[in-house]
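Asks: What follows is a structure written as structure tokens; I'll ask about it next.
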Amino acid sequence: MRVRFRFSKLGKVRFTSHRDVARLWERALRRAQLPVASTEGFAPRPKVHFGLALPTGYESLAEYLDVDLREPEAVSLDIDTLPEQLTPLLPEGISVDAADVVDPKAPSLQEAVTACEWRIEVPGLAIEAARREVERLLAAPTLPVVRQRKGKEVHDDIRPYLWELVVAGPIAAAEPGTELRAVFGTQPRGLRPAELLAAFEPPVIQARVCRLHQWITLGNTRREPLSAAAARAEHAEARA
Amino acid sequence: MNSIWPQLENLLAKVQKPARYIGLEDGSVRPDHDPRKVSWLLTYPDTYEIGLPNQGLQILYEILNERPDALAERTYAPWEDLESELRAHGLPLFSIENHLPASAFDVLAFNLSAELVYTNVLNLIDLAGIPVRSAERRPEHPLVLAGGHCTYNPEPLADFLDAVVLGDGEEVVGEITEVVAEWKASGRSEGSRLHLLRELAKVPGVYVPSLYEVTYDGPRLVAVTPRFPGVPELVEKRTISDLASWPYPKRQLVPLTEVVHDRLNVEVFRGCTRGCRFCQAGMITRPVRERPAEQVRTMVRDGLRRTGYDEVALTSLSTADFSSIDEVVAGIIEEQPNCNPVSVSLPSLRVDAFTVQIASEIQKARRTGLTFAPEAGTWRLRKVINKLIREEDLYGAVESAYSQGWRRMKLYFLTGLPTETDADTLGIAELARNCIEIGRRYHGSPSITVSVGGFVPKPFTPFQWFGQNTVAELNRKIGLLRDALRKDRAVQLKWHDPKASLVEGIASRGDRRIGAVIEEVWRKGGTFQEWSEKFDYSMWIDAMSMHGLDVDWYVHRHRTEDEVFPWDHLSAGLHKDFLWQDWRDALAEVGLPDCRWTPCYDCGACTGYGLEHIVASTTPPAGGSQGTGQDLRRGSEAPVLLRGAR
Ligand code: SF4
């Protein structure tokens, strides 16, 4: 049986890496004494599948993972209570907002998700300057960048991944700055907010970034990998 | 004092592994600071990954935070990237719980586990905004303390540390807290530091270097004597008499990011009386104090449930000697407190106590790495170092492991030991090859990693009189082994850099004059010397000659019986004449039995302190020769002359 969880990652804990979060989850699942299925062989690992990696240092209201549970033990579990059972077993800043059973044969999170929506807060960037840059980037037919991939430099055009980019307004902090909202495609490979910010003129180095949604798009409709979670996620952000 | 988090979080976006600096571990606390409480900043002078698992600091962290009059936070050495950001932005060393500046604490307490971290200690004191030299500190500066194994010769750091704790810290941290609380209550007035230090010197187990006068005669040390009445001539270590009263850590810290030994660790006993002559840890932590098996089981069960770990290590200096080892291991594996398989690792396994039964138990969940430490290549040399395991013991252990499905294991050896000949060194290659032969009976491609460390003589061991091998000699010996093993694909040879052993040797038996060398290397940027990519040999050698100190005299010189050691005014309980006798016995290849199961030979660790071993079993564990060199099952003739009770 495959259970999908949605969780947020806010505050200091944003400085943990994707691998760190995987380990935190493995321990939390064991502490909850859930019957997690494991791989066969010499060094069995729990069957836990993560979605798109969140870069270290970014916050998120929309992280996902799938956990395979052993049947028949899992059948008697009350899935709805799992979020409140697991949240206290994870570090402060990680809050489990939803859980539901999904079809184990459906495409994995990494395959299914086609876009991510981001909130990007840039201190020191004036609204007017931000508007000009957004216009320029959206108008550009191509946005060639040099990226590091597996230690090698590769030339890439990031324009196809840039689906939406808008200036949302001033940032909600003491210092002046601009909040951007962006939607980036994730297939075949994603675009990191930092890579887009580096394409600004002048390049933006420091920003506070939060993943707001992961989208599965089908034609003109889009949905999150798990529905009905948004209200709880915003609640979590208010607390953090 | 305000948290520096708002400034810090911008910097963390720019550095490697920022999760090192955020705290939030399960088991950590964010104490409320209150001027009536003594605040401790427990500091490990290396990275978070190495320092977090340190059990000593974790135990003290809990004990202090349980006290109504104290609180404790932690810090570790920030890696260079963050350090330069901090310095560039004028930010200090900070605690990782509340992110408070280090100077906001009353006590900055270091754990000293290795000599090569000494330059980091100076660097952290400086990064905290505290003068590195004790003499220059003023009432507003925190008290700078150190504990841990290296404090048995704290002289190289004497000018930088206000006070040093010898031995077990569980009780003494409370006593220190009370003295510091009085200092705080008195308003920390101008000139009050000396009074504080003199009060601290009255606490048993606390050594205050600045209260002692050192006299030399040329290069020779003549004496280290108290400068004031009431300052003890001999500072004796602290020993807790019963581990059962200290079931700590109760809430082991569970890090958010990867660290070494990332698993539940439960200490099953403290101290070791096997009597390996090179081993400082064994000598200074005597006597043996076992934790009751039932308490071990409870700590393992509760710890696994609370942390969610799937691996537990039963720690001690020689875990296979634990009286109830078989049942405890079987019980953990049977029980599976988290409904998932648990693997048990037993660091420091003695080969003569590693049986098929233990092997088959610990492989049930997942096979963890196996390391055996024969330490020397021949029986003759093992008699010299009193590691009385026979070749058959090693082969028996290796066979047990292979027969239970292990394919690879690690053998640990020392080279540069007293009386070592080339035949002894080459014996290492011979043992490794024979182990591979045994492995071939069970698998197609067994493999062995042979790890060789250069021997560094340590204070309070029988080998403290021995002149350490030179870098050239250690390199030659490693070369012999490389040649001997060149054709054996199944054996991988790894070795510790002999140059690092030399620098360790400078600090290990150095006196106060070495402090200038440490300061020099630190000022030139020589931090993180434990890290091979950062280790800078020439910096140390240059600093030695700049200060007119002779490496040969400090490191390679054999000491004579009348040598006054820089640590003679400190005591680990061991009689110096016992150590000297044991040194003579070593040269005569005479072994010394384990006093847990044979009569006391009065080394000094128990006698006179009202202490005794706490061991559940009056007979040695089954199997092997158990440190007697005899086949205990067959009762054959002892192939070794043992020195009995005196
Ligand atoms: S004093 Fe006696 S019993 Fe205690 S450790 Fe020394 S030899 Fe063993």
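Asks: Test of understanding: express the Cα radius of gyration of the stretch B:5-236 as a ratio to 2.2 N^0.38 Å, with N the residue count.
Replies: Relative to the rule-of-thumb radius for its length, the stretch B:5-236 sits at 1.00.
Asks: Between residue B:616 and residue B:262, what's the calculated FRET efficiency when r is the beta-carbon distance and R0 is 35 Å? Round to 0.05.
Replies: Efficiency, rounded to the nearest 0.05: 0.75.
Asks: Pairs of Cα atoms under 8 Å, at least six residues apart: use those to get the relative contact order of chain B, whole percent.
Replies: 14 percent
Asks: Also, quick follow-up: Pick out, from B:56, A:225, B:261, the residue whose Cα sits farthest towards the positive end of the charge dipole of the protein assembly as shown, with +1 on the Cβ of Lys and Arg and -1 on the Cβ of Asp and Glu.
Replies: A:225
Asks: Return the average number of partner chain Cβ atoms within 10 angstrom of each residue Cβ along peptide B:310-317.
Replies: 1
Asks: Subtracting the Cα-Cα distance from 0.36 nm times the residue separation, let me have the gained length for residue B:223 to residue B:89 in nm, one decimal.
Replies: That pair, residue B:223 and residue B:89, stretches by 43.7 nm at full extension.
Asks: Moving on. Have a look at the DSSP beta bridges in the stretch B:5-236 and tell me what percent are antiparallel, nearest 5. Display every interim value, and only then the final one.
Replies: Details: 9 of 27 bridges.
Antiparallel: roughly 35 percent of the beta bridges in the stretch B:5-236.
Asks: Okay, next question. Does the stretch B:242-303 come out rounded, prolate or oblate, given a ≥ b ≥ c as the square roots of the eigenvalues of its C-alpha gyration tensor, rounded meaning a/c under 1.5 and, failing that, prolate meaning a/b above b/c?
Replies: Values: a/c = 2.90, a/b = 1.42, b/c = 2.05.
Cα axes put the stretch B:242-303 in the oblate bin.
Asks: Taking 0.36 nm per residue of sequence separation and subtracting the Cα-Cα distance, how much length would be gained by fully extending the chain between residue B:523 and residue B:305, in nm to one decimal?
Replies: Numbers: separation 218, 0.36 × 218 = 78.48 nm, distance 4.67 nm.
Net length gain for the segment: 73.8 nm.
Asks: Could I ask something else about it? Counting only other chains, and only Cβ atoms inside 10 Å, what mean value do you get across the residues of B:279-286?
Replies: Other-chain Cβ atoms within 10 Å of each residue's Cβ, averaged: 0.
Asks: Can you grab the distance from the C-alpha centre of the stretch B:76-106 to the C-alpha centre of the stretch B:378-397, Å, no decimals?
Replies: Between the Cα centre of the stretch B:76-106 and that of the stretch B:378-397, the gap is 48 Å.
Asks: Could you point to the residue in B:614, B:191, B:158 farthest towards the positive end of the protein assembly as shown's charge dipole, with +1 and -1 charges on the Cβ of Lys/Arg and Asp/Glu respectively?
Replies: Towards the positive end, the residue furthest out is B:614.
Asks: Mind running the shape call on the stretch B:150-290? Use the C-alpha gyration tensor, a ≥ b ≥ c as the square roots of the eigenvalues: rounded below 1.5 for a/c, prolate if a/b tops b/c, oblate otherwise.
Replies: oblate
Asks: Other chains' Cβ within 10 Å of A:84-96 residues: what's the mean?
Replies: Going residue by residue through A:84-96 and averaging, the value is 2.
Asks: Give me the angle, in degrees from 0 to 90, between the Cα long axis of helix B:391-403 and the longest principal axis of the Cα atoms of chain B, rounded to the nearest 10.
Replies: 90 degrees
Asks: Which percentage, to the nearest 5, of the DSSP beta bridges contained in the protein assembly as shown is antiparallel? Walk me through the numbers on the way to the answer.
Replies: Values: 64 of 113 bridges.
In the protein assembly as shown, approximately 55 percent of DSSP beta bridges are antiparallel ones.
Asks: Something else now. Can you flag which of B:524/B:576; A:152/B:14; A:12/B:250; B:17/B:524 are past 29 Å Cα-Cα?
Replies: Among B:524/B:576; A:152/B:14; A:12/B:250; B:17/B:524, the Cα-Cα distance tops 29 Å for B:524/B:576.
Asks: Could you order B:495, B:5 by accessible surface area, starting with the largest, using a probe radius of 1.4 Å?
Replies: Values: B:495 105, B:5 30 Å².
So the residues, ranked largest to smallest area, are B:495, B:5.
Asks: Suppose R0 equals 56 Å; then what is the FRET efficiency for residue A:126 and residue B:437 from their Cβ-Cβ distance, rounded to the nearest 0.05? All intermediate terms of the calculation are to be shown ahead of the outcome.
Replies: Details: r = 75 Å, r/R0 = 1.34.
Once rounded, the FRET efficiency stands at 0.15.
Asks: Based on the mean of other beta carbon atoms within 10 Å per residue, what is the order of B:97-103, B:553-559, most packed first?
Replies: Peptide ranking by packing, descending: B:97-103, B:553-559.
Asks: Same structure, new question: Sort A:194-204, B:47-57 for me by packing, meaning the mean count of neighbouring Cβ atoms within 10 Å per residue, highest on top.
Replies: Top to bottom by mean Cβ count within 10 Å: B:47-57, A:194-204.
Asks: Can you tell me the orientation of helix B:537-546 relative to chain B, as the angle in degrees between its alpha-carbon axis and the longest Cα principal axis, to the nearest 10?
Replies: The two axes meet at around 60 degrees.
Asks: Oh, and also: To the nearest 0.05, how large is the calculated FRET efficiency for residue A:148 and residue B:195 if R₀ is 56 Å and r is the Cβ-Cβ distance?
Replies: E between residue A:148 and residue B:195, to the nearest 0.05, is 0.45.
Asks: Rank by packing, highest mean first: peptides B:248-256, B:128-136, with packing defined as the count of other Cβ atoms within 10 Å averaged across residues.
Replies: Ranking, from highest mean packing down: B:248-256, B:128-136.
Asks: Another question, then. For the protein assembly as shown, with only Lys/Arg (+1) and Asp/Glu (-1) charged at the beta-carbon, what is the dipole magnitude about the Cα centre, in debye rounded to 20?
Replies: For the protein assembly as shown, the charge dipole is close to 1680 debye.
Asks: Let me ask something additional. Using the crude model of +1 on Lys and Arg Cβ and -1 on Asp and Glu Cβ, and no other charge, please compute the dipole size for the stretch B:1-119 relative to its Cα centre, in debye to 20.
Replies: Working: 9 positive and 18 negative charges, 37 e Å.
With only Lys, Arg, Asp and Glu charged at Cβ, the dipole is about 180 debye.
Asks: Sequence gap at least 6, Cα distance under 8 Å: using those rules, report the relative contact order of chain A to the nearest whole percent.
Replies: 25 percent
Asks: Oh, and also: List the trypsin sites (Lys or Arg not before Pro) in the stretch B:431-487 that DSSP assigns to loop (not H, G, I, E or B) and whose Cβ has at most 15 other Cβ atoms within 10 Å. Which are they? Please report the intermediate quantities before stating the final value.
Replies: Values: sites: B:433, B:440, B:441, B:476, B:477, B:482, B:486, B:487; in loops: B:441, B:486, B:487.
Passing sites in the stretch B:431-487 are B:441, B:486, B:487.
Asks: Once you put a point 7 Å from the Cα of residue B:178 and another 7 Å from the Cα of residue B:486, both along the Cβ direction, what distance in nm separates them?
Replies: 6.7 nm
Asks: Using alpha carbons only, what's the Rg to Rh ratio of chain B with Rh from Kirkwood?
Replies: Ratio value, two decimals: 0.95.
Asks: Additional query: Run down the lysines and flag those whose C-alpha is under 22 Å from the C-alpha of residue A:105, throwing out any fewer than 8 positions away in its chain.
Replies: Candidates past the 8-residue exclusion: A:47.
Asks: Pull out a ≥ b ≥ c, the square roots of the eigenvalues of the alpha-carbon gyration tensor of the stretch A:2-105, then state rounded if a/c is under 1.5, prolate if not and a/b is larger than b/c, and oblate in the remaining case.
Replies: Details: a/c = 1.79, a/b = 1.41, b/c = 1.27.
Prolate shape, in that a/c is at least 1.5 and a/b is the bigger ratio.
Asks: Here's a follow-up. With no solvent and one equal point scatterer per Cα, compute the Debye intensity ratio I(q)/I(0) for the protein assembly as shown at 0.08 Å⁻¹ and report its log10, rounded to two decimals.
Replies: Values, matching the q order: -0.83.
The values are calculated or read from the model by the stated rules, or taken from the named source; none is laboratory data. All of these numbers come straight from a predicted model, not from anything done at the bench. Methodologically, a virtual Cβ is constructed for each residue, glycine included, from the backbone with ideal geometry; neighbour enumeration extends over all protein chains shown. Areas reflect the complete protein model, heavy atoms only, side chains present, ligands, DNA and RNA absent. Shrake-Rupley method; radii C 1.70, N 1.55, O 1.52, S 1.80 Å.
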